[in-house]
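Worksheet: the structure to be examined is printed underneath.
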Amino acid sequence: MNHTPSVSVRNIVLGEGIPKICIPLVSTCLDALLNDMKKALDHSADLIEWRVDWMDDILKKGYLEEILPAVRKAAGDTPLLFTFRTKKEGGNMAASLVKRAICSGLVDLVDIELFSDKDTVNELIALAKEKNVKTILSNHDFFKTPSGNEIFSRLKQMEEAGADIAKIAVMPESTEDVLTLLSATCKAKKELTCPVITMSMAGTGLISRLSGEVFGSCLTFGTAGNISAPGQIDALKLRSVLHILHENS
């Protein structure tokens, strides 16, 4: 299969050309979030990920609906990804507000963990499609790198579940693990019908955050301050490297 799958979200197309840069925000209160949002936009973020699981009081009744309009206004026309990571996959709380975010009409994408309850995953994907919100099905392994076949299998599961974008992040224990991740990414780009986001974490895996255009990852994560995962680097430095690779590819 020779194709380049892509997904349009507001003013960007994921899967075409230079990988887009997402800046995750791990703020704990609204004032800090709005300040960090401005920093992210000053760093030319293509997409902003709001890591909602870091927010104090977010589980308080009505609080999400209270602050979402201000968050949306601050993001402007920059796509907003809503992520509530569970403790199992590296988050700060074990709960989900994804359904309420989808129904708000104020977010552009939501992150759904692949190994959540299957019925819940299916319900959220169906609801997101109904509300025209894009879905990223994700899986994170903060301890090791699965085999190449297993990485591809998980990305394939995401595609088959109806994800708009499939994402996997793994922890390398060796340089060979990074090659395993990149090889599986290349295979996924050729064989899947949805774009993929992949990364090998920590310093050893940094090359995977830079080489998406070569191997097939459509999005990479940079910082404008605090990191949300090991190995993220400043978004402005990241963009400079992505442009160098693009110009010479």
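Relative contact order for the chain: 21 percent, from Cα pairs under 8 Å spaced at least 6 residues apart, divided by residue count. In the chain, the longest principal axis of the Cα atoms and the axis of helix 63-75 are about 60 degrees apart. Radius of gyration over Kirkwood radius for segment 1-146, both on Cα atoms: the Rg/Rh ratio is 0.95. Largest first, the three principal axis extents of the alpha carbons in the chain are 46, 39, 32 Å in whole numbers.
Rolling a 1.4 angstrom probe over the chain with all protein chains present gives an accessible area of which 52% lies on carbon and sulfur atoms.
Against the chain, whose longest principal axis is taken from its Cα atoms, helix 148-161 shows a tilt of about 40°.
A helix-only calculation puts the chain at -12000 deg cm²/dmol for mean residue ellipticity at 222 nm, using -39500 (n - 2.57) for each DSSP H run of at least four residues, averaged over all residues. Relative to the longest principal axis of the Cα atoms of the chain, the long axis of helix 118-130 makes an angle of roughly 80 degrees. Per residue, the accessible area of the chain comes to 44 Å² when a 1.4 Å probe rolls over the protein heavy atoms. The figure for ILE112 is an accessible area of roughly 10 square angstrom, using a 1.4 Å probe on the protein chains alone. Listed cross-link partners LYS38/LYS129; LYS131/LYS167; LYS61/LYS99 are compared with a 24 Å cut-off, the Cα-Cα value being larger for LYS38/LYS129.
The values are calculated or read from the model by the stated rules, or taken from the named source; none is laboratory data. Everything numeric here is computed off the predicted structure, so don't read it as measured data. Heavy atoms of the whole protein, side chains included, go into the accessibility calculation; ligands, DNA and RNA do not. Shrake-Rupley method; radii C 1.70, N 1.55, O 1.52, S 1.80 Å.
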